[in-house]
1. Give me 299, 35 ranked fewest to most by other Cβ atoms within 10 Å of their Cβ, as a rough exposure proxy.
2. Among 143, 293, rank each residue by its count of other Cβ atoms within 10 Å, from fewest to most, as a rough exposure measure.
3. By count of other Cβ within 10 Å, fewest leading, how are 30, 192, 50 ordered?
4. If we sort 163-169, 74-80 on the protection proxy, mean other Cβ atoms within 10 Å, highest first, what's the order?
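Bear in mind these aren't lab numbers, they're just calculated from the coordinates by the rules spelled out. The shown structure was predicted, so the numbers you read here are calculated from the model rather than taken from an experiment. As a convention, Cβ positions derive from the backbone with ideal geometry for all residues, glycine included, and neighbour counts pool all protein chains shown.
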């Protein structure tokens, strides 16, 4: 990657610096430890059932429990970050800018004045937002004093807005409100790396590498859940996890329970359509034959019951 020739003043860049990367690394470590501890506590829990669950019921139960666990973990972690952010806004800690403009020393009076944190509007340098009165101050990061010769075959000059980079009152504001768009852009990374390399050369500081030249990030829509314009606040709230992949093993559960016996129900078809027809016809035929036998005997019995009564009535009439 060919770096452009740039001229950047000392206060021309106020985007992602060492403190932002350090905070991002700290948040990453915090999410890892939080997830590891939560998973360890979750695996120490037991699933107690009166009878052994079927595989489908077991999977449904575990999926519901895991979803509740993940949502609870995300809510608690978001609460932790929001609480830390709120404490920072309420306490208003003084942070010295990198260029030392926050401290003013008067030799005559032997006094030190502290300038309040403020955010300068990138469109109008005369407009400031004082963080002490408005903790929601923010501005887009713009390189206002730089010049380029040729970048990717194009002559470019003038103010350059760093895509996705926001300056807030505090480091945590700047980090959470920003995105990683610049790290997906070859041109933006060229400017960023040139600034970092030139700073290393001017300050004679060893960053651990000779020159910083890392290729830009590649966005894969089918793999990544976070697009380049996703704010770091959303990424941090999701604990920097692209996708949760729980593993549910029914065999381990069944082996652990070791049931003494199993019962199951099975629905089977006892008769076919032909069998039903045969049974129906046989039933009708049997009823017909039975009625033939019963009808004659029934009539005979009724006639026998009525016959003595008729005879007694006739004898009474002769007398």
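1. By the 10 Å Cβ count, ascending, the order reads 299, 35.
2. The most exposed by this proxy come first: 293, 143.
3. With the sparsest Cβ surroundings first, the list reads 50, 30, 192.
4. For the peptides 163-169, 74-80, the packing ranking is 163-169, 74-80.
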